[in-house]
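Only one structure is covered here, and it is reproduced in the block below.
No value in this document is a laboratory result; all are computed from the given coordinates. None of these values were measured; they are calculated from a predicted model. Ideal geometry is used to build each Cβ from the backbone, glycine not excepted, and the neighbour counts take in all protein chains shown.
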Amino acid sequence: MRRNPLRGPNWLIWLAIIVFIIVFLGMTYAKAAIDKAAEADNISRLKRLEQKFDKVLKKSEGEQQKLEEDNKKKQMTIDQLQQENARYREEVGRIEAIRDYLASYSSPLADYAGPIYRACKKHGVKPAVILAIAGKESTFGRANGIAAAWALFGWSGRLDESSPEALIDSYVRAIANEYPRLAQGDIYSATSYCVPPDDWMRAVSSFYNEAEARGV
């Protein structure tokens, strides 16, 4: 007759084994749950760190972009100032060249070198053309003064003679409109400016070449 293993002293052993198995399984499950919770917590922390990093990175990129834009603006400002300075130096140099050239002929127009240069720049006319015509027509304003267009430039058309500056500007504009090729230095295109034209064009051309050589 077989004995029941659960009867007698052996049942304590079996009970201990069962309790051990239950405890082992419980601990294994608990450890797995703890590990899973820890992993989930680590993932959550990692995501939060990634979000913080993305915010910091975006902020840094934004600040970097703003810094680059500010640097570009500063560079543009510097470039503009340099260009403006270069234009100013060129303008001053050209005005001085006009003044020196007219002063070499003791011309009363020397005091109006600035208005001459600015009028020529405004209307797209070479200053040497205006000086050359004044040189031929009135010995640069010495012969008949600078108050009237006919006296200064030998011009018979109507111009604004309210002031020397107004006269210069309106005359330069008239040359640009009526003699566009002459305005660019083609002296021999102005056959209708003075009759007979040959002597006039030769004299104007001589003054023109001289003024150009002096940097006018």
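Details
- Expressed in units of 2.2 N^0.38 Å, where N is the residue count, the Cα radius of gyration of the stretch 45-216 is 1.72.
- Counted over the stretch 1-95 with a bin width of 10 Å, the fraction of Cα pairs per bin, in whole percents, is 12, 14, 12, 11, 10, 9, 8, 7, 6, 5, 4, 2, 1, 0.
- Environment charge of L57, counting only residues whose C-beta is closer than 13 Å and scoring Lys/Arg +1, Asp/Glu -1: 0
- Selected from R45, R89, R173 as most flexible by GNM, with the chain as the system and alpha-carbon contacts under 10 Å: R45
- When each of K47, K136 is scored by the number of other beta-carbon atoms lying within 10 Å, the sequence from fewest to most is K47, K136.
- Our helix-only sum for the chain, with -39,500 (n - 2.57) per DSSP H run of n ≥ 4 divided by its residues, gives a mean residue ellipticity at 222 nm of -25500 deg cm²/dmol.
- Ranked F207, F153, criterion: other C-beta atoms within 10 Å, fewest first: F207, F153
- The chain: most fluctuating residue of I21, I130, I95 per GNM, C-alpha cutoff 10 Å: I21
- Farthest toward positive dipole pole in the stretch 45-216 [+1 Lys/Arg, -1 Asp/Glu at C-beta], among G141, V129, G62: G62
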